[in-house]
Amino acid sequence: MTHADSAFDNNMSRMDFRPTEEQELLRQSVRAFAEAEVRPHVREWDEAQHFPIEIVPKLVALGLLGIQFPEAYGGAGLSPIDYCICIEELARVDPALALSVAAHNGLCGAHIAAFGTDAQKQNYLGQLARGDKIGAWGLTESTSGSDAASMQTTAARDGSGWVLNGAKTFTTHGRVGDVMVVMAVTDRAARSRGISAFIVERGTPGMTAGKKEDKLGMRASDTSEVRFDSCPVPADALLGQEGRGFIDAMQILDAGRIGIAALAVGLAQGAYEAALNYAKERKAFGASISEFQAIRWKLADNATRIEAARLLTYRAAWMKDRGERMTLESAMAKLYSSEIAVQAADDCVQIHGGYGFVKDYPAEKFFRDVKLTTIGEGTSEIQRLVIARQMLS
Ligand SMILES: Cc1cc2nc3c(=O)[nH]c(=O)nc-3n(C[C@H](O)[C@H](O)[C@H](O)COP(=O)(O)OP(=O)(O)OC[C@H]3O[C@@H](n4cnc5c(N)ncnc54)[C@H](O)[C@@H]3O)c2cc1C
């Protein structure tokens with residue numbers, strides 16, 4: 001090899017698609033946990049719409065309730081790519097549990113970690129990482145989801161503190177959450193620059209959880225309305241600067257979307273594997289259905305799309321790790337991963353034939369769960385809007 005060759009080789013080695021040894025071990029340990037402790041209960045939790053609070057100590061033992069929180073605040077201090085691996089492996093077995101872990105870590109915990117004071121981080125991140133408290137995050141309201149800046153919930157000054165009035169809809173952990181980051185209007189005239197974030201603890205007078213949503217999928221993940229009726233919060237509940245709550249929330253969503261992209265990749269992987277295994281076992285016309293080209297092409301297309309989605313997702317996570325802005329890349333990762341996951345779940349049902357339509361096989365649950373990925377943390381239409389805005393600006 002000439003000197004020029006070796007320089008070329010060194011440059012090439014900078015772009016390395018291989019996971020590190022630690023990342024391989026992380027994937028193996030989360031996969032082993034999901035197979036042993038989650039898979040046996042997936043159907044029962046789904047049917048009962050049961051949020052599995054009993055599994056929290058095991059999630060804590062693996063560091064899954066403080067994945068990216070700094071170690072100084074009791075977290076596991078893992079990287080954004082490590083975070084994707086954890087969410088992917090949970091979603092491969094139970095997307096609903098993955099959604100809960102993502103909301104706890106990537107919305108509530110991440111908002112406090114990014115914009116909290118040292119005292120807020122000391123107070124809340126350790127409790128969230130230890131599972132002493134479950135986190136929730138409330139931006140969406142009944143009349144404002146995609147158009148979140150038009151929210152109606154208000155926070156008015158009252159002495160040194162604030163009083164919250166309004167309601168948040170579709171809050172993950174609205175009923176089981178202990179700590180909620182709530183976005184509220186503090187200066188209506190300033191529009192999106194007049195929204196602030198607050199940390200509100202369960203049990204605060206005037207804070208009540210509404211009805212539990214009876215959902216199509218992700219049924220083991222608790223979702224409900226949360227109401228605030230003259231709910232007093234102290235001055236130190238303000239999270240970040242007054243008036244910056246919406247801007248900060250958009251930054252949290254940029255990163256949160258990487259988590260939903262990882263969830264979609266994991267879900268698609270689970271659906272693909274279920275379809276592959278079934279195709280190898282099922283016989284028709286005297287042959288395994290995996291011999292038929294129609295089935296093979298579906299499997300090949302899904303395997304290819306999942307790899308592409310994973311690469312887009314890891315690239316966005318890698319950019320986050322480098323502290324780079326990744327609004328465009330996280331929107332692309334979320335849009336593509338969720339759309340291909342819908343296709344993977346659809347093909348999984350189709351490859352199972354009639355057995356894809358009954359609850360004895362995992363196909364129908366993937367098919368129900370997957371739809372959330374094109375809606376939560378910004379719909380596919382909103383992702384396209386974000387992507388186009390970035391490209392045209
Ligand atoms: C299971 C679940 C969990 C959730 N968890 C949380 C949570 O923890 N915290 C939280 O704050 N929110 C949460 N959400 C809310 C979620 O983020 C919103 O549902 C989502 O952002 C869409 O808002 P929406 O439901 O009001 O739909 P809308 O905004 O009313 O959209 C309706 C349709 O119109 C389209 N649309 C809207 N505006 C445009 C536009 N400008 N251009 C093109 N099309 C447009 C949308 O894409 C969609 O197809 C959750 C939702 C679900 C279902």
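The values are calculated or read from the model by the stated rules, or taken from the named source; none is laboratory data. What you are looking at is a predicted structure, and each value in this text was computed from that prediction instead of being measured. FYI the Cβ positions are ideal-geometry reconstructions off the backbone, even for glycines, and counts take in every protein chain you see. Calculation scope for accessible area: heavy atoms of the full protein, side chains included, ligands and nucleic acids excluded. Shrake-Rupley method; radii C 1.70, N 1.55, O 1.52, S 1.80 Å.
Extending 7 Å from the Cα toward the beta-carbon at both ILE247 and ASP321 defines two label points whose distance is 2.9 nm. Summarising the label geometry, the points placed 7 Å from Cα in the beta-carbon direction at MET15 and ALA119 lie 5.0 nm from one another. Counting Lys and Arg as +1 and Asp and Glu as -1 over every other residue whose Cβ lies under 12 Å from the Cβ of ALA34, the net charge comes to 0.
Residues whose amide H falls under 5 Å from that of GLY210, counting only those 5 or more places apart or on a different chain, are GLU225, VAL226, ARG227, with hydrogens built in the peptide plane. Sorting the segments 186-192, 380-386 by their residues' average number of neighbouring beta-carbon atoms within 10 angstrom, most packed first, yields 380-386, 186-192. Modelled label positions at ALA149 and SER230, each set 7 Å beyond Cα in the direction of Cβ, lie 3.3 nm from each other. Neighbours of ALA110 by Cβ distance under 13 Å: Lys/Arg scored +1, Asp/Glu scored -1, total 0. PHE170 exposes around 130 Å² of accessible area when a 1.4 Å probe is run over every protein chain in place. In this structure, the amide hydrogen of TRP137, modeled 1.01 Å from its nitrogen in the peptide plane, lies closer than 5 angstrom to those of THR172, VAL181, counting only residues at least 5 positions away or on a different chain. Per residue of the chain, the DSSP helices (runs of n ≥ 4 H) give a summed -39500 (n - 2.57) that works out to -15500 deg cm²/dmol at 222 nm. Packing here is the average count of other Cβ atoms within 10 Å per residue, and on that basis the peptides 16-22, 121-127, highest first, run 121-127, 16-22.
With respect to the chain, whose longest principal axis is taken over its alpha-carbon atoms, helix 80-93 is tilted by about 70°. Build a GNM of the chain with springs between Cα atoms under 10 Å apart, and of LEU164, LEU59, LEU216 the one that fluctuates most is LEU216. The magnitude of the dipole of the range 237-311, with charges of +1 and -1 set on the Cβ of Lys/Arg and Asp/Glu and taken from the Cα centre, is near 360 debye.
Per residue, the solvent-accessible area of the chain (1.4 Å probe, heavy atoms of protein chains only, all protein chains present) comes to 46 Å².
Listed values for the range 327-334 are Karplus-derived 3J(HN,Hα) couplings in whole Hz (6.51 cos²θ - 1.76 cosθ + 1.60, θ = phi - 60°), namely 4, 5, 5, 6, 5, 4, 4, 5, and x replaces Gly and Pro. Along its three principal directions, the equivalent ellipsoid of the range 17-115 from the Cα gyration tensor extends over semi-axes of 22, 17, 11 Å, largest first.
The long axis of helix 21-33 is offset from the longest Cα principal axis of the chain by roughly 90 degrees.
Around the Cα centre of the chain, unit charges on the Cβ atoms of Lys, Arg, Asp and Glu (plus for the first two, minus for the last two) sum to a dipole of about 620 debye. Here r is the Cβ-Cβ distance between ARG384 and ALA294 and R0 is 25 Å; the resulting FRET efficiency, rounded to 0.05, is 0.25.
3J(HN,Hα) along the range 127-136, derived from phi through the Karplus expression 6.51 cos²θ - 1.76 cosθ + 1.60 where θ = phi - 60°, amounts to 5, 5, 5, 7, x, 5, 10, 9, x, 9 Hz, with x in place of Gly and Pro. Considering all alpha-carbon pairs of the chain, what whole percent are spaced by more than 34 angstrom? Across the chain, Cα pairs with separations above 34 Å total 29 percent.
Charge tally for GLN68 (other residues, Cβ to Cβ under 11 Å; Lys, Arg +1; Asp, Glu -1): -2. Accessible surface for MET326 stands near 20 Å², nearest 10, in the context of the full protein assembly shown (1.4 Å probe). Helix 245-281 against the longest principal axis of the chain: what's the angle in degrees, Cα atoms only, rounded to the nearest 10? So the helix axis and the longest Cα principal axis differ by about 30 degrees. For the range 313-326, backbone phi angles converted through the Karplus equation (6.51, -1.76, 1.60; θ = phi - 60°) give residue-by-residue couplings of 5, 5, 5, 4, 5, 4, 5, 4, 4, 7, x, 8, 6, 9 Hz, Gly and Pro being listed as x. Protection proxy ranking for 82-92, 352-362, 338-348, using the average of other Cβ atoms within 10 Å per residue and placing the highest first: 82-92, 338-348, 352-362. Using 14 Å as the cut-off for backbone N distance, which residues of the range 94-115 belong to the label zone defined by a point 7 Å from the Cα of ASN277 along Cα→Cβ? Within reach of a label on ASN277: 94.
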